[in-house]
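Bear in mind that the values in this text are calculations on the coordinates, not laboratory data. Everything numeric here is computed off the predicted structure, so don't read it as measured data. Positions of Cβ are generated from backbone atoms using ideal geometry, with glycine treated the same way; all protein chains shown enter the neighbour counts.
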């Protein structure tokens, strides 16, 4: 399983042809206490960089972009019910949605952990 | 009152990318610093540009915890970016009254009142608080407006009274149900003040002026003091077990739940006090039929609106979303049949209200409490209901 990162502060963790997407620790820290998420519809297809969701704290709202092209296969209902999971466990229980990759080669251009850490620093 | 520019914390309110953004001011060294700047950094505050100052938007506890701490105990706010000034001389009250639709002349010594500087069209130049201190009128205005306010006041009434800016003085707000309990250990006697009154105090040789007021809907005080004493006084307050530092982020959520206007969002030069539903701020003596009716900038329009001779085109209302979706500033409001009827000017998920609350303007036919409207959030209709404000009951101490 590989995890990559975007310059929009999403992470994407790939297992076979299904990838899980969430926001990074840096993103949740910048937003503050998350109070609302808008998740994509299961079955909907997005192109890379399309807006797939929204994450909001009391003070700000931010779009969540699709890191790769593909079809949404599952969304995190637990996150919808308890948006604070995005703060408490952004890389785990606070995941946003899963997507079936339509072009795995798009992953190559994303940042690895070291490159993202340098980017977000 | 306090103008909170979006972004509050490095991310703008509506549909921002998570991508890091360039700061609003290119060089952070261009920003002014309040006398508590070093203390904010020591406390781990996240600093943002605001009204030309580097200001703490939140401390490590975070906006939500700071908001709840203010409602439950006592929050300390640095609001030194706000403008303090004095008006003095025998004609000061009458002169100041000529700028506002407000009774200044009859305000008793020691009492504080909310005021509105109006332009000649009746639009709001700024909202402010003023106190009759006997020897002078002490005025607190919004940070982003203070230089413009000073120029306006000097231009209009500088020949009738002495106008003295005190922009170098610090201003702290201590807000919450335990604020006065904490403050009275430092300033014995402060507990005798009631809401919207003020008095002078001395602390370690420094001259303080304290009013029992604030902008959170809670009991508490605002403390004006010399810059040189500000850090020591703030540290003395933070040493009290009830007190924690609170940033501008929570200040915004607290004031919105209290139904209080944010200048620049909810009121500005295009809104009159009647549009803004601030009729309560205009005492009878200045209205049609009053002993000192009119005689302020924009009086014809403002009194015309009050008297019903000039129809309103929009009115400020409170709104509660019926789904748990935050509805933010600039979101369009529509009637249930899809006609645009207004716009949200401030909105967020109220941490104490525990639901999305907003302030906005609607066409007068939609301003009645209980009216259902739709807010168009990301293309989807979110049902809202016009609601009375405050969204969280005020807990002012009236004695």
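General observations
- Chain A - percent relative contact order, Cα under 8 Å, separation 6 or more: 30 percent
- Averaging the Cα positions of each part gives two centres, and for the stretch A:49-121 and the stretch B:286-314 these lie 54 Å apart.
- Springs between Cα atoms under 10 Å define the GNM used for chain B, and in it the highest mean-square fluctuation of B:136, B:354, B:126 occurs at B:354.
- Measuring how big the stretch B:160-282 is from its alpha-carbon positions, Rg and Dmax come out at 16.1, 47 Å.
- Kirkwood Rh and Cα Rg combined as Rg over Rh, evaluated for the protein assembly as shown: 1.01
- For chain B, averaging the sequence separation of C-alpha pairs within contact (under 8 Å, six or more residues apart) and dividing by the residue count gives a relative contact order of 17 percent.
- Average Cα contact separation per residue, the stretch B:295-399, under 8 Å, 6 or more apart, as relative contact order %: 29 percent
- Averaged over peptide A:24-31, the number of partner chain Cβ atoms lying within 10 Å of each residue's Cβ comes to 3.
- Global form of the stretch B:359-399, assessed from the alpha-carbon gyration tensor, a/c cut-off 1.5: prolate
- Evaluated at q = 0.07, 0.08, 0.10, 0.11 Å⁻¹, the base-10 log of the normalised Debye intensity for chain B, with identical point scatterers placed on the Cα atoms, takes the values -0.31, -0.41, -0.66, -0.81.
- The stretch A:2-104: Rg to Rh, with Rh as the Kirkwood radius over Cα pairs: 0.93
- Taking every DSSP helix (H) stretch of at least 4 residues in the protein assembly as shown, weighting each as -39,500 (n - 2.57) and dividing the sum by the residue count yields a mean residue ellipticity at 222 nm of -5000 deg cm²/dmol.
- Semi-axes of the equivalent ellipsoid for the stretch B:57-185, Cα gyration tensor, largest first, Å: 31, 17, 13
- Among B:63, B:41, B:237, residue whose mean-square fluctuation peaks in a GNM of chain B (springs only between Cα atoms under 10 Å): B:41
- For the stretch B:240-351, the square roots a ≥ b ≥ c of the C-alpha gyration tensor eigenvalues yield an a/c of 1.5 or more together with a/b not exceeding b/c, which makes the shape oblate.
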